[in-house]
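Engineer: Following this message is one structure expressed as structure tokens.
The values are calculated or read from the model by the stated rules, or taken from the named source; none is laboratory data. Since this is a predicted model, take the numbers as computed values, not measurements. Every residue, glycine among them, receives a Cβ derived from its backbone with ideal geometry; neighbour counts consider all protein chains shown.
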Amino acid sequence: MLISGFCALNIAALPLGSASAASAKEPGRITFVQGSDVDTLDPAMSRSVPSYNVMDHMFDRLVDWKGQEHEGFVPALAQSWTRTADGRQWTFVLRQGVKFHDGTPFNAEAVKFNLDRIRDPKLGSAHRSYYTDIDSVEVVSPYEVRISTQHASPTMLELLAKQSSSINSPAAVAKYGRAYGHHPVGTGPYVFESWVPNDQVIIQRNPAFYGEAAKPSTLIFRPVKEDASRVIELRTRNAEIAGNLSPEAAIELAEQKTSSLLRVPSTFQVFFELNLTKPPFNDPRIRRAVSLAIDRQAIVDKVLLGYAKVPTGPFPPGTQARRKFAPIPYDPERARQLINEVYPGGYPGTIVLWTPSGRYTKDRQVAEVVQGYLNAVGLKTEFKVWEWATYQKNLYRAEPGQGTGKGSNDANLWLLGTGISDADIRLRRKLSSGDPQNLTGYSNARVDNYLQLASRELDPQKRMAYYGQIQQILWEQDADNLPLFDQEQLIGVRKGLTGLDVDYDGTTDLKHVELIER
């Protein structure tokens, strides 16, 4: 959604803070405050929207999605591409004259390096499983590269539009090694300047960018955990944009004069993933029981104050191949019956819930409410809250020889969310049996079969039908998680700010932002 001048909600004018003076001296300097810090600035290793918000300004991919609703693909570092009739070879003609920020040339060798790197198990990328169908990457000429796959690959463009497919400088990766995530080098419209963890990331406009020059000269990304604090940053003009606001913060903005609220549709769904490898959630009846124990409408109305929707399927509106189903009913009596059916006298153990704080809308508060619902149907629970970066490190804690982790084994439920709009990537990463990103241990032979059929089906309608079958299995027969709410994006902006581009997947593009002082 591109904002070029919108009706703002009124906000109270306050005395200008010290940052406003800096803003007056540096009109091209834009500060964006978000709820959590970046995890890494290596696109092959990150799994976090706060990081993508930064990296999308520094890196390019071969192709990009068209529009915020992802309505196809447009050229980026690749100017054109062709596919063989059997879908097993893709050839890309690359843009010439592009240089990385370190002055080294972008070419076919760089593309091969990056695709080989992310497929290397030694790197340990959590995204590696998406690329395993690639059989080879061949340099045809300095500016032409051919990707061959083991099977038909109808979703190659979706894969290459992923943030993990961003093209990094081979020279910089070689220079910094494992520390590369703190020294990123791409080809994009902004150049990395500095990252002080838990403080700020600063990037500067790239004067040698091959495309349209970005408008802000400097972008600053700061983690500010508390929603109220992000509103204060806006109000005191220490920031121009505040992301991931709470409903309370949104209401507060309605009483101000210097800022506005932006409500953006989203493909983001927040849910509790379930540990299916051990009791009690290895039994689908208990999964159904805890799902019935949750009053989602009450969460939307009373906790999220109407700034969200009750889920009507595994995919929110706007997601590729979405099917709509009846909402999961709130039926605590049936939940108790199912629990007693499996565990006469009640489940004897303690269910451990994990949640981040500040990453998703009211994440901690929603998790606490869910804990109360589980207690109400006779389940004993233990609750643990994490800061986002630490949460990820513990949740995805690596085992020897593996690229991603099984730290989730320490919990029974953990709160996460995703805004991925592509059906294949959204489903495959968490449902394929044995996939490194499948932290739940979910395994369903029918789902595996549909995923494989879809990944090789060149007919788009047939492929979407397979994804629809998977959604029906998840919603009506064999759930992999507890969907909680479809998240609406709430973003605060200073009055006079134009050009903000917000994607339905939750990422924010600041390249065209301008601020007209009022």
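Engineer: For residues that are in contact with a Leu (Cβ under 6 Å, 6 or more places away or on another chain) and either without any contact (Cβ under 8 Å) to a residue 24 or more places away in the chain or surrounded by fewer than 17 Cβ atoms within 10 Å (Cβ to Cβ) (or both), scanning just the stretch 264-301, find the one that is nearest to I328 (Cα to Cα).
Structural biologist: R285
Engineer: Same structure again: Sort out which residues of the stretch 180-204 are in a strand (DSSP E or B) and in contact (Cβ under 8 Å) with a residue 40 or more places away in the chain, and write them in order of number. Even if it seems obvious, please write down each step before you answer.
Structural biologist: Filtering the stretch 180-204 for residues in a strand (DSSP E or B) gives 190-196, 200-204.
Residues satisfying the conditions are Y190, V191, F192, W195, V201, I203.
Engineer: Now a separate question. Every residue in the stretch 338-372 that is part of a helix (DSSP H, G or I), without any contact (Cβ under 8 Å) to a residue 40 or more places away in the chain and over 32 Å from the mean Cα position of the chain (by Cα), please.
Structural biologist: N340
Engineer: Something else: Out of the residues in the stretch 428-459 that are closer than 15 Å to A126 by Cα and among the hydrophobic types (A, V, I, L, M, F, W, C), state the one that is surrounded by the most Cβ atoms within 10 Å (Cβ to Cβ).
Structural biologist: For the stretch 428-459, the residue satisfying everything is L439.
Engineer: Among the strands (runs of 3 or more DSSP E) confined wholly to the stretch 58-125, which include 1 or more residues that are surrounded by fewer than 16 Cβ atoms within 10 Å (Cβ to Cβ)? It would help to see each step written out before you state the result.
Structural biologist: Numbers: elements: 63-65, 73-75, 78-83, 89-94.
So the answer is 73-75, 78-83.
Engineer: Same structure again: Right, L245: touching a Leu at 6+ places or on another chain (Cβ under 7 Å), farther than 25 Å from E387 by Cα, touching a residue at least 60 places away in the same chain (Cβ under 8 Å) and buried (at least 20 other Cβ atoms within 10 Å of the Cβ) or not?
Structural biologist: Here the answer is no, as L245 does not meet what is asked.
Engineer: I would also like to ask the following. Of all residues being among the charged types (D, E, K, R) and surrounded by fewer than 21 Cβ atoms within 10 Å (Cβ to Cβ) in the stretch 201-227, which is farthest from D102 (Cα to Cα)? Just the residue, please.
Structural biologist: Selected residue: E226.
Engineer: Do the conditions hold for S80, that is, is it within 20 Å of A108 (Cβ to Cβ) and either of a type in the set (K, R) or in contact (Cβ under 8 Å) with a residue 12 or more places away in the chain (or both)?
Structural biologist: yes
Engineer: Say we look at the stretch 127-154 and pick out the residues that are part of a loop (DSSP other than H, G, I, E, B) and buried (at least 23 other Cβ atoms within 10 Å of the Cβ); which of these is nearest to the chain's Cα centre (by Cα)?
Structural biologist: By that ranking, first place goes to H127.
Engineer: Just to be sure before I move on: is A479 in contact with a helix residue (DSSP H, G or I) (Cβ under 7 Å, 6 or more places away or on another chain), assigned to a loop (DSSP other than H, G, I, E, B), buried (at least 17 other Cβ atoms within 10 Å of the Cβ) and not polar (S, T, N, Q) in the structure I sent?
Structural biologist: yes
Residues are listed down the side, and each one gets a yes or a no for (1) in a strand (DSSP E or B); (2) within 24 Å of the chain's Cα centre (by Cα); (3) not assigned by TED's automatic domain parsing to the domain that holds A326:
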residue	(1), (2), (3)
L416	yes, yes, no
S421	no, yes, no
I425	no, yes, no
Q437	no, yes, no
G441	no, yes, no
L458	no, no, no
R463	no, yes, no
Q471	no, yes, no
V493	yes, yes, yes
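Engineer: Which pairs turn up if I take residues in the stretch 164-179 that are farther than 13 Å from F100 by Cβ and look for partners that are among the aliphatic types (A, V, I, L, M) and assigned to a helix (DSSP H, G or I) with beta carbon separation below 9 Å, at least 6 apart in sequence or on another chain?
Structural biologist: S164/I118; S165/L115; S165/I118; S165/L159
Engineer: Could you list, in sequence order, the residues of the stretch 482-504 that are buried (at least 19 other Cβ atoms within 10 Å of the Cβ), farther than 15 Å from T361 by Cβ and touching a Gly at 6+ places or on another chain (Cβ under 6 Å)?
Structural biologist: Within the stretch 482-504, just Y504 meets the criteria.
Engineer: Filter the stretch 253-280 down to residues that are within 19 Å of D422 (Cβ to Cβ) and in a loop (DSSP other than H, G, I, E, B), then give me how many there are.
Structural biologist: 4
Engineer: Return only the number of the condition from (1) within 30 Å of F32 (Cα to Cα); (2) at pLDDT below 95 that P483 does not satisfy.
Structural biologist: The single condition P483 does not satisfy is (2).
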